[in-house]
Amino acid sequence: MSLLQLAGVGRSYEMGTERVDALRGVSIDVEQGDFVAIVGPSGSGKSTLMNILGCLDRPTTGRYVIDGRDVGALDDNALAEIRSRTIGFVFQNYSLLPGTSAVDNVATPLLYQGVSRRARLERAAAELDRLGLGNRLGHEPTQMSGGEQQRVAIARALVTDPALLLADEPTGNLAVRQGEEVIQLFVDLHRAGRTIVLITHNPEVAAVASRRVHLLDGTIVELEQAA
Ligand SMILES: Nc1ncnc2c1ncn2[C@@H]1O[C@H](COP(=O)(O)OP(=O)(O)OP(=O)(O)O)[C@@H](O)[C@H]1O
Ligand SMILES: [Mg+2]
């Protein structure tokens, strides 16, 4: 069974008397180990799709099944539980806690899983070390470069060992060189077996994914088959 299955998913927003169909009839299957890039112009529905994939929002129509569970049938608590156990999020703006060390930032998701403080810090330090930041454990966000902050955010996304790594424009705020390092990190994670879905405007990011889903006006206009 696929890790993620979207079948005929639609999402509309009611705006007074107007209705915006941000997604219409979107069907996508993502297998374990896939690396999928979602691409499309501004307003095509990428963030709307990301919010549904990340269980931050529910489809208005159609079905979304993640890890065997039908999102439409789950209450908010169950959705929060799926987010915390199954998905690691990476955002364009890193979303790190300010005034908080790298290791404490990375340890935070484990707090919600009832892991002891000592084990949290050990696992966070090990994850940062794996991503080449073993010498930045005590640095706060303002004391790190953009590329380092994004790698800390990726370490935080991975520390719970999620089934899915979900990223929205992960290189959007980075200089070219730092963006390339983050792209290489995604390539390495995919090679190591991670399932990755990312949204991007950046053709170089899209090029390293194993396939690309093209969105236009809320529908898929091109769906490449996995190699
Ligand atoms: N909360 C909302 N209420 C009403 N309309 C919305 C809402 N969020 C998004 N939309 C509309 O849905 C459509 C898709 O928006 P979305 O944010 O998913 O696009 P996007 O592809 O992420 O664009 P960008 O590349 O600019 O981030 C747009 O027409 C947008 O105006
Ligand atoms: Mg967007």
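Taking region 214-227 as the range and being in contact with an Asp or Glu (Cβ under 8 Å, 6 or more places away or on another chain) and either at pLDDT 95 or above or of a type outside the set (A, V, I, L, M) (or both) as the test, the residues that pass are 214, 218.
The condition (being in contact with a strand residue (DSSP E or B) (Cβ under 8 Å, 6 or more places away or on another chain) and closer than 22 Å to residue 97 by Cα) is satisfied by just one residue among 168, 129: 168.
Restricting 66, 52, 82, 28 to those that are modelled with pLDDT under 95 and either of a type outside the set (Ser, Thr, Tyr) or within 16 Å of residue 163 (Cβ to Cβ) (or both) reduces the list to 82. In the condition set (1) within 16 Å of ligand 1 (Cβ to nearest atom); (2) surrounded by 21 or more Cβ atoms within 10 Å (Cβ to Cβ); (3) at pLDDT 95 or above, residue 40 is compliant with all but (3). Candidates are the residues of region 124-138 that are crowded, with 17+ Cβ neighbours inside 10 Å and free of Cβ contacts under 8 Å to residues at least 40 places away in the same chain; the one that is farthest from residue 160 (Cα to Cα) is 136.
Listed by first and then second residue, the pairs with beta-carbon distance under 7 Å, at least 6 apart or on different chains, first residue in region 203-227 and on the phi < 0 side of the Ramachandran plot and in a loop (DSSP other than H, G, I, E, B), second modelled with pLDDT under 85 and loosely packed, with under 14 Cβ neighbours inside 10 Å, are 210/226; 210/227. Evaluation of residue 36 against the conditions (1) outside any loop (DSSP other than H, G, I, E, B); (2) touching a residue at least 24 places away in the same chain (Cβ under 8 Å); (3) touching a Gly at 6+ places or on another chain (Cβ under 9 Å) shows that the sole unmet condition is (3). Evaluation of residue 204 against the conditions (1) out of contact with any Lys or Arg (no Cβ under 9 Å at 6 or more places or on another chain); (2) surrounded by 14 or more Cβ atoms within 10 Å (Cβ to Cβ) shows that the sole unmet condition is (2). Every condition in (1) within 24 Å of residue 141 (Cα to Cα); (2) of a type in the set (Phe, Trp, Tyr); (3) within 16 Å of ligand 1 (Cβ to nearest atom); (4) buried (at least 20 other Cβ atoms within 10 Å of the Cβ) is met by residue 64 except one, and the failing one is (1).
Checked against (1) assigned to a helix (DSSP H, G or I); (2) farther than 15 Å from residue 195 by Cα, residue 183 meets all criteria but (2). Among the residues here, residue 107 qualifies as outside any strand (DSSP E or B), surrounded by 16 or more Cβ atoms within 10 Å (Cβ to Cβ), at pLDDT 95 or above and away from ligand 2 (no atom under 16 Å from the Cβ).
The values are calculated or read from the model by the stated rules, or taken from the named source; none is laboratory data. As the structure is a prediction and not an experimental result, all values here were calculated from the model. In this analysis, Cβ positions are derived from the backbone assuming ideal geometry, glycine residues included, and neighbour counts consider all displayed protein chains.
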